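Here is the structure we will look at, set down as structure tokens.
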Amino acid sequence: MAPRLAFTEDNALRIAAVERAFAPSGKSLSKPGRVLVGEGRLMKLCRRSLQPKMFFLFNDIMVYGSIVVHRLWYKNQHIIPLEDIIIEDLADSLEMKNQWLLRTPKKSFYMSAASEKEKQAWICRIMECREQQLISSRKEPTTSFATTWIPDRASHICMRCADKFTVTQRRHHCRQCGFVVCNSCSKCRIVIPAISKKPVRVCTLCFNTLLCEKAKEEAGKRSSDGFDLEMPVYEASSDEDSDEREEDDMMPIRWVKSQNIYHPKNTCFAYLE
């Protein structure tokens with residue numbers, strides 16, 4: 001992808017600026033052959049509401065994080081290999097315009113752009129970079145993806161036992177099915193390798209289903225130690241997508257200008273000089 005840009009000083013400076021913006025907790029993004037293709041602010045549907053996030057598209061990964069001070073400071077850095085991404089184009093809904101679904105093995109979520117043109121440009125660029133990354137890396141595309149969480153506001157009752165949510169009866173999410181459930185219905189923990197190496201919260205139904213699946217996989221090779229499963233315990237809800245300060249206007253997307261990068265027609269973006 002854009003080989004002549006990979007080793008230019010401008011590209012190195014842009015990547016270094018992204019690294020500084022995620023400092024001190026962010027991971028290093030500098031890598032031989034890596035190109036920053038574009039960046040822009042998009043809306044991401046989190047568990048409680050739509051939140052503005054800053055996205056950076058590289059030729060091999062996508063990086064996004066929460067905005068603290070635009071262009072200066074971001075937090076909660078997430079890095080997604082492009083070969084792990086699949087995109088589903090969606091029609092507008094009452095709550096989200098210009099939306100699409102981004103699915104990965106670890107997490108799947110809805111996103112939206114400021115306009116239909118920007119949405120199509122993002123989808124086109126991501127899929128183009130993904131295709132070229134699969135060719136260059138010779139990796140097989142991912143076929144297993146995480147379920148999409150149902151937003152908190154979508155249900156006022158537990159989607160397993162139907163108990164009503166209150167101030168003390170809090171909402172939680174099953175990491176396997178994405179349902180909004182109460183604490184009593186989601187006390188179980190189990191390792192889902194694609195999501196986390198540590199046990200994660202699942203509802204009772206998914207826990208039993210996953211146990212059965214693991215039992216089948218372990219049949220014939222069970223050791224004296226038995227299954228390595230975690231006993232059900234309590235866990236506080238994840239605050240990864242906690243409400244954050246929203247800004248009024250969405251920032252325009254900026255793409256690297258290169259003859260080797262496809263630019264969709266009728267876009268309204270300002271190119272990086």
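Could you tell me how far the Cα centroid of the stretch 75-139 sits from the Cα centroid of the stretch 17-74, in Å?
14 Å
Let me know the charge dipole size of the stretch 90-145 about its Cα centre in debye, to the nearest 20, where only the beta-carbon of Lys, Arg (+1) and Asp, Glu (-1) is charged. Working shown, then result.
Details: 10 positive and 7 negative charges, 55 e Å.
So the dipole magnitude of the stretch 90-145 works out to roughly 260 debye.
Normalised by the empirical 2.2 N^0.38 Å for globular proteins, what value does the Cα Rg of the stretch 1-135 take?
On the way: Rg = 14.6 Å, N = 135, 2.2 N^0.38 = 14.2 Å.
So the stretch 1-135 has a normalised radius of gyration of 1.03.
Could you calculate the contour length gain from Arg20 to Ser196, that is, 0.36 nm times the residue separation minus the distance between their Cα atoms, to one decimal place in nm? It would help to have the intermediate numbers written out before the result.
On the way: separation 176, 0.36 × 176 = 63.36 nm, distance 2.68 nm.
60.7 nm is the gain from fully extending Arg20 to Ser196.
What FRET efficiency comes out for Arg138 versus Lys214 if R0 is 45 angstrom and r is the Cβ-Cβ distance? Round to the nearest 0.05. Present the calculation step by step, with values, prior to reporting the outcome.
Working: r = 31 Å, r/R0 = 0.69.
Efficiency for this residue pair is about 0.90.
Accessible area of the stretch 134-174 with a 1.4 Å probe: how many percent of it is carbon plus sulfur?
Values: 1490 of 2800 Å².
Roughly 53 percent of what the probe reaches on the stretch 134-174 is carbon or sulfur.
What length, rounded to one decimal in nm, is gained on full extension from Leu94 through to Val69, with 0.36 nm per residue of separation minus their alpha-carbon distance?
6.0 nm
Just how large is the dipole of the stretch 110-173 about the Cα centre, in debye to the nearest 20, putting +1 at every Lys and Arg Cβ and -1 at every Asp and Glu Cβ?
Working: 11 positive and 7 negative charges, 44 e Å.
Here the size comes out at about 220 debye.
Bin by bin, in steps of 5 Å, what percent of the Cα pairs in the stretch 128-213 do you find, going until the bin that has the longest distance?
The calculated distribution, bin by bin, is 3, 14, 20, 19, 13, 10, 7, 7, 5, 2, 0.
Residues of the stretch 45-152: accessible area per residue at 1.4 Å, in Å²?
Working: 4710 Å² over 108 residues.
Result: 44 Å² per residue.
Give, in whole angstrom and from largest to smallest, the semi-axes √(5λ) of the equivalent ellipsoid of the stretch 15-89, with λ running over the eigenvalues of the Cα gyration tensor.
Taking √(5λ) for each Cα gyration eigenvalue gives 19, 17, 10 Å.
With 5 Å bins from zero, work out the P(r) of the stretch 98-154 over every alpha carbon pair and list the percent per bin.
Here the calculated profile for the stretch 98-154 is 4, 16, 18, 23, 20, 13, 4, 1, 1.
For a quick check: with amide H placed at 1.01 Å from N, whose amide H comes under 5 Å from Val200's, ignoring anything fewer than 5 positions away on the same chain?
Under 5 Å from the amide H of Val200: Ile190, Val191, Ile192.
Cut-off under 24 Å on the C-alpha distance; same-chain residues fewer than 8 positions from Lys117 excluded. Which lysines are left, in chain and number order?
Lys44, Lys53, Lys97, Lys257, Lys265
Amide H to amide H, which residues 5 or more places from Thr8 or on other chains are under 5 Å from it, using H placed in the peptide plane?
Amide H to amide H, under 5 Å and 5 or more residues apart or across chains, Thr8 pairs with nothing.
The values are calculated or read from the model by the stated rules, or taken from the named source; none is laboratory data. None of these values were measured; they are calculated from a predicted model. Here Cβ is always computed from backbone atoms with ideal geometry, including for glycine, and neighbour counts include all displayed protein chains. Keep in mind that these areas ignore ligands, DNA and RNA; they rest on the heavy atoms of the full protein, side chains included. Shrake-Rupley method; radii C 1.70, N 1.55, O 1.52, S 1.80 Å.
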